[in-house]
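See below for the structure under consideration.
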């Protein structure tokens, strides 16, 4: 790309290859040029909700990107964290932060190349417009231990349009303690067209 990506570019993605291309270009500038400048607060909210629900590790950070959720988890508690992301360039940035035991380059819509099972699964920024739909959560059940705590942030517009409620109804016999929390994605530093964007935290445990 001739200019750094923006949120509008990310929301307009239509394929895994397009996702990889955009985040390859965004990786180096993502933390300062996007997260800090826009007041991106979902990683902190996910980590707070995880520990607030008495989450423990090992934890899988889904769509780990540059490691923003890992930073927040490491700051709030002592847990073992693995990360998975489609973008090798974003994971390379995450690796420099030293919070992850293992970083896995993979598409979460396909079986993950790991034998590890997790007692915590978190995600911020992956279940959003142009990215991953509710089928991604279903697939993650296969790498979750019994009783695993999920804290998944979903863009509120995406939650409604992509059928997350129907998916949760479909898997109701595989999960328990389902709850939601609606929060702002950005603080007041965000651009005018995104300052009021909302996310829904989906919180549950596996049975």
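A few remarks follow.
- Stretch gain in nm, segment residue 192-residue 102, where the contour uses 0.36 nm per residue and the Cα spacing is subtracted: 28.7 nm
- Residues 160, 45 arranged by fewest to most Cβ contacts within 10 Å: 160, 45
- Taking 0.36 nm per residue of separation and subtracting the current Cα-Cα distance, fully stretching the chain between residue 141 and residue 114 would add 8.4 nm.
- Relative contact order of the stretch 93-207, defined on C-alpha pairs under 8 angstrom at six or more residues apart (%): 27
- DSSP beta bridge pairing in the stretch 7-206, given as percent antiparallel to the nearest 5: 45
- Residues 80, 128 arranged by fewest to most Cβ contacts within 10 Å: 80, 128
- Distant alpha-carbon pairs in the stretch 7-206 (separation over 26 angstrom), percent: 24
- With neighbour counts taken as other beta-carbon atoms within 10 Å, the residues 178, 112, 91 rank, fewest first, as 178, 112, 91.
- Whole-angstrom gap from the stretch 66-109 to the stretch 145-207, using each part's C-alpha centre: 20
- Taking 7 Å steps out from each Cα toward its Cβ at residue 173 and residue 54 produces label points 2.8 nm apart.
Bear in mind these aren't lab numbers, they're just calculated from the coordinates by the rules spelled out. These figures come from a predicted structure and were not determined experimentally. Here Cβ is always computed from backbone atoms with ideal geometry, including for glycine, and neighbour counts include all displayed protein chains.
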